[in-house]
Structure formats: structure tokens, C-alpha cells
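Here the structure comes first, spelled out in C-alpha cells, and everything after it is commentary.
All of the numbers you see were taken from the coordinates with simple rules; none came from a lab. Remember, predicted model here, so these are calculated numbers, not experimental data. In this analysis, Cβ positions are derived from the backbone assuming ideal geometry, glycine residues included, and neighbour counts consider all displayed protein chains.
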Amino acid sequence: IIHAQASRGVCVCICDVTEKLRNSLDYLRSLLNEPTNFKLIYRYAFDFAREKDQRSLDINTAKCMLGLLLGKTWPLFPVFHQFLEQSKYKVINKDQWCNVLEFSRTINLDLSNYDEDGAWPVLLDEFVEWYKGKQMT
């Protein structure tokens, strides 16, 4: 018997046979497709993955977590990961972390709607500049 319980709108799953477990997993996966739920999980992942005495997430952990959370859904993720690999960044702070999700949801793949004068963190400004330079070569 698997019994997962949480409060405040999160589901309770009671699975006593394999079929119920399989159906519950499908349901839980479907919750990830709901943008508000995913955003909550994404934000929680930052605090879960960081060292408790640190305010930032080390870059290697951030790359792994971003891969798990955005790797299959954000088409620009492989390029963003490549940018992080060669960047000077050693850590990602929570503001940068949250803005990566917003960027992945709102900016077109060709970056045509990216506003250079917008309020994006420098990390994302540098990514856009790097990516555009990469496309020109």
C-alpha cells in the first residue's frame, strides 16, 4: 500500500494494486502539465536542491535540476545548458532561477520578443547575446 498525503489542494493517493499505482502516476504527471502546479514545484526544487546554509544553487546542481525540470519541455534548454557550461557563473540565485522558468515560458524560440531593456537578470541578457552571436557564425 502506498499512501501519499499532503494538505492544501495536493492529492491523496492510495494504491494497493499495480494498476492503481500506474493510474495514480499518470494523474500525478498530468498535474505537472498545469502551469501553476509546475511553477510551485519548480520553485520548491530550488530550495530542495540547494545546500541549506547557502542562498544560491551551485551551477552543477542547477544544470542538473534544470535538465530534470525543463529539459524535455523547453526547446532552447540544450543551448541554455551549453551556455551555462561555458559561462563564468558558479552559482544561480533564486531570482535567476525563477526568471529562467519565466523566460522559457514567454520568450519565442527565435528570441524575437526578447526585450533587451526588460527587467531580465544579466544571466539571461548574456545568454541571449551569446545565442545570437552563435547563430551568426
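Anyone know which of Val91, Val122, Val100 comes out most mobile in the 10 Å Cα GNM of the chain?
Val122
I'd like the orientation of helix 122-136 relative to the chain: the angle between its Cα long axis and the longest Cα principal axis, in ° from 0 to 90, rounded to 10.
Between the helix axis and the principal axis of the chain, the angle is about 70 degrees.
Of Lys63/Lys132; Lys90/Lys134; Lys63/Lys94; Lys52/Lys94; Lys39/Lys72, which pairs sit farther than 18 Å apart, going by alpha carbon to alpha carbon?
On the way: Lys63/Lys132 21 Å; Lys90/Lys134 22 Å; Lys63/Lys94 14 Å; Lys52/Lys94 13 Å; Lys39/Lys72 16 Å.
Pairs exceeding 18 Å: Lys63/Lys132; Lys90/Lys134.
So how strong a dipole does segment 63-112 carry about its Cα centre when Lys and Arg Cβ are +1 and Asp and Glu Cβ are -1, to the nearest 20 debye? Could you put the intermediate results ahead of the total?
Numbers: 6 positive and 4 negative charges, 39 e Å.
Here segment 63-112 has a charge dipole of around 180 debye.
Once you mark the trypsin sites (Lys or Arg not before Pro) that are in a DSSP loop and have at most 14 other Cβ atoms within 10 Å, what is the longest gap between them in the chain? Don't skip to the end; give the middle numbers.
On the way: sites that count: Arg8, Lys52, Arg55, Lys72, Lys88, Lys90.
Longest stretch, sites excluded: 91-137.
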